[in-house]
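For reference, the structure discussed in these notes is given below.
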Amino acid sequence: MADFWRHKSLAEMTPAEWESLCDRCGRCCLLKLEDVDSGELYFTSIVCRHLQQPGCQCDCYANRLVEVPECLALTPQSLPDLIDHLPGSCAYRRLAEGRPLPQWHPLISGDPDTVAEAGIAIEGKVISEAYIHPEQYEEHIIHWHQWEGES
């Protein structure tokens, strides 16, 4: 079914359908900081060392949970616990919250380039953790309204 996401719950999707929801923006690969007092999460403009640019592709996707134990293992079962770790633009989060996919999403547009054209992809907006000392992470906290395409 071409528009399966409109007719199936996230739990009902096949593995291929689930994977196709990912728009390959790379935002889930941004390092996050947690306020120890409030528990609030802050996204940074620092990206996992395994995210390749250009292309927003993980260089160890199949083995990512071994290489990077804190990497998100996103499944229909884990989504409720990880939803705050996903940006508002994320298809998994949007569908879980009852929101539709945006027009730039490849499943709607039919074109993977619309993610970058809409300003959603992080390519060119981030720096690898390999180049930032952990003590400098706070200097890289981002505010989503500063990034184009967030809705």
Largest first and to the nearest Å, give the Cα extent of region 42-115 along each principal axis. 33, 30, 24
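Suppose only helical runs count, i.e. DSSP H with n ≥ 4. What mean residue ellipticity at 222 nm does that imply for the chain under -39500 (n - 2.57) per run, divided by all residues and rounded to the nearest 500 deg cm²/dmol?
Counting only the DSSP helices, I get -3500 deg cm²/dmol.
Could you tell me which GluC sites (Glu not before Pro) in region 64-151 are loop residues by DSSP with no more than 13 other beta carbons within 10 angstrom of their beta carbon?
On the way: sites: Glu67, Glu70, Glu97, Glu117, Glu123, Glu129, Glu135, Glu138, Glu139, Glu148, Glu150; in loops: Glu70, Glu97, Glu123, Glu148, Glu150.
Sparse-neighbourhood loop GluC sites (Glu not before Pro): Glu70, Glu97, Glu148.
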Normalised by the number of residues in region 4-145, what is the relative contact order in percent for Cα pairs under 8 Å and 6+ residues apart? 33
Under a point spin-label approximation (7 Å from Cα along Cα-to-Cβ), what is the Glu19-Leu107 distance to one decimal in nm? 1.5
What residue among Val68, Val36, Val126 shows peak mean-square fluctuation when the chain is described by a Gaussian network model with Cα springs under 10 Å? Val36
Dipole magnitude (debye, nearest 20) for the chain, charges at Cβ of Lys, Arg, Asp, Glu: 460
Run the quick spin-label model on Ala96 and Ser38: label points 7 Å from Cα toward the beta carbon, then report their separation in nm to one decimal. 2.1
Cα point-scatterer Debye curve for region 4-145, base-10 log of I(q)/I(0) at q = 0.15, 0.16, 0.21 Å⁻¹: -0.80, -0.91, -1.55
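Any read-out appearing in this document is the output of simple, stated calculations on the displayed coordinates, not a laboratory observation. Not measured: the values here are computed from a predicted model. Don't worry about glycine lacking a Cβ; one is built from the backbone with ideal geometry, like all the others, and counts go over all protein chains shown.
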